[in-house]
1. Quick one: in region 189-222, which of the residues that are of a type in the set (D, E, K, R) and over 22 Å from LEU161 (Cα atoms) is most open to solvent (accessible area, probe 1.4 Å)?
2. Being closer than 16 Å to LEU209 by Cα and touching a Gly at 6+ places or on another chain (Cβ under 8 Å) is the filter here, so list the residues in region 87-100 that pass it.
3. Out of the strands (runs of 3 or more DSSP E) lying entirely within region 71-183, which hold 2 or more residues that are touching a residue at least 24 places away in the same chain (Cβ under 8 Å) and touching a helix residue (DSSP H, G or I) at 6+ places or on another chain (Cβ under 8 Å)?
4. Any chance you could count how many residues in region 27-65 are open to solvent by 50 Å² or more (accessible area, probe 1.4 Å) and either basic (Lys, Arg) or in a loop (DSSP other than H, G, I, E, B) (or both)?
5. Among the residues of region 257-275, which ones are at pLDDT below 95 and part of a helix (DSSP H, G or I)?
6. Could you list, in sequence order, all residues of region 263-284 that are of a type in the set (Gly, Ala, Ser) and either open to solvent by less than 10 Å² (accessible area, probe 1.4 Å) or within 13 Å of the ligand (Cβ to nearest atom) (or both)?
7. Condition check: in contact (Cβ under 8 Å) with a residue 40 or more places away in the chain, surrounded by 14 or more Cβ atoms within 10 Å (Cβ to Cβ) and touching an Asp or Glu at 6+ places or on another chain (Cβ under 8 Å). Does GLY250 satisfy that?
8. Looking at region 202-218 only, could you name the residues that are part of a loop (DSSP other than H, G, I, E, B) and closer than 13 Å to ILE267 by Cβ?
Amino acid sequence: MSSKKRTLDTFFTPTSTKKAKIEESQEPPSNHPTYPFPVPQLSQSILNGLELAPEVKGKVINDQPDLDLLYFQPYIPKDISLDLFRFLRQSLFFYKVQYTIKRGSVETNITTPRYTTVFGVDESSQFAPDGSLVDSATKRPIPKDRYKCRPRPLPQCLEALRMLTEASTGETYNFCLVNYYASGNDSISYHSDDERFLGANPAIASFSLGAKRDFLMKHKPPSKAGHLNTGDVPTLQAESKSLKLPLGSGDMILMRGPTQSNWLHSIPKRKGADAEKGRINITFRKAMVKAGTENYYTYNVGSGGVSKWDEAKGEVMPWK
Ligand SMILES: O=C(O)CCC(=O)C(=O)O
C-alpha cells in the first residue's frame, strides 16, 4: 500500500476495480502451535504510522453518573487506519461461534452475529519466550489440566498495539478480543464487560477500524436490591442520558472506573452502504483468573471451524 494520504471517503469510493495490494513485512510471521496458520507481521509503513499514535489527545467524558470514558477521535493516524483494517482482516483467523443458552428448561442455540477471535491468557499464567505456558508465580510449566482451552499468545501485529495502548492509558492488558462485523447485519447486543474475572472497575480499551458504526451506551436500570420500595421515582436512569458515539476508523474508546458496573454498551445492526464494507473492533482487557481465559476462548473461538478473509470473494469464508 502506498503511503499516500487517503481519507475514509476515497477508500470507500470505488474509483478503480483494481484491488490495492496490502504491503507485506519482510519479517517472519508470528506463529504458535495453537494458530491454524501464521500471522504476518505489520509492514514498516504501518509501524511508522503507529509511532505517531495517538493522533489526538483523548477527551474525557464523565458528565453522567458512573461514566468515565476517554475518547480518542482518532487514536490510529488517519492515513494508516484503513491499511491496518485491511491488513488485520486479511491476516487473522476468525470464528463464527455457536453456543446454547438455557433459560429455565428452554435451550436456545445462538450463532454469534459477527466473527470473533481472541488471544491472551489471564494473570495466573504467562507465555515463556518459547511460546509455552508457565505459572506466573513459579515460572514452571503449568499443570496440563489448568485450562480446557488452548490459550494463544498475541501475534506481533496485536502485541504492538497492546504495548502502545498500555503506554497511553496507564493500564495493563493480557487479553485481546477481535470482532469482525462483515455487514450492517452484524451486531453486538447491549451488555457490560463486568464479569468477576476482570476484577473491580476494569479498564477496557476498544479500537474501531473500517466502517463507521454507532456505539450506544445506556445506564443499567437501578437494581431492586438496595432500593426501598417507597414509590420513589428511580433516580439514576432518570438522570442519565443514553449516548451514541459514531465510532470511525482509528477511533479508540477507553471505558474505565465505574463504567462497566453501571453502563451497558452495544453496536446495533445498521442499514447503509458504509457498514457493508466491514468493521473490525479490537478490545484489550485484563483477566485476573483462569475463569476469564476459559470464558473468552469458549465464546470467541468455540469448537467449530476456522474462517479467513478471501480476497477474491471479498468475504470471510470457511478456511480449509
Ligand atoms: O464492536 C464494538 O465496538 C464493541 C465490542 C464489545 O462490546 C465487546 O467485544 O464486548
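1. The extreme case among them is ARG196.
2. Matches in region 87-100: ARG89 only.
3. 115-120, 175-181
4. 15
5. ASP274, ALA275
6. Across region 263-284, the qualifying residues are SER266, ALA275, GLY278.
7. yes
8. Passing the criteria: ALA211, LYS212.
The values are calculated or read from the model by the stated rules, or taken from the named source; none is laboratory data. Just so it is clear, the model here is predicted, and its values are computed rather than measured. Heads up, the Cβs are rebuilt from the backbone with ideal geometry, glycines too, and the neighbour counts pull from every protein chain shown. Ligands, DNA and RNA are stripped out before the accessible areas are found, and what is left, the full protein with its side chains, is counted by its heavy atoms. Shrake-Rupley method; radii C 1.70, N 1.55, O 1.52, S 1.80 Å.
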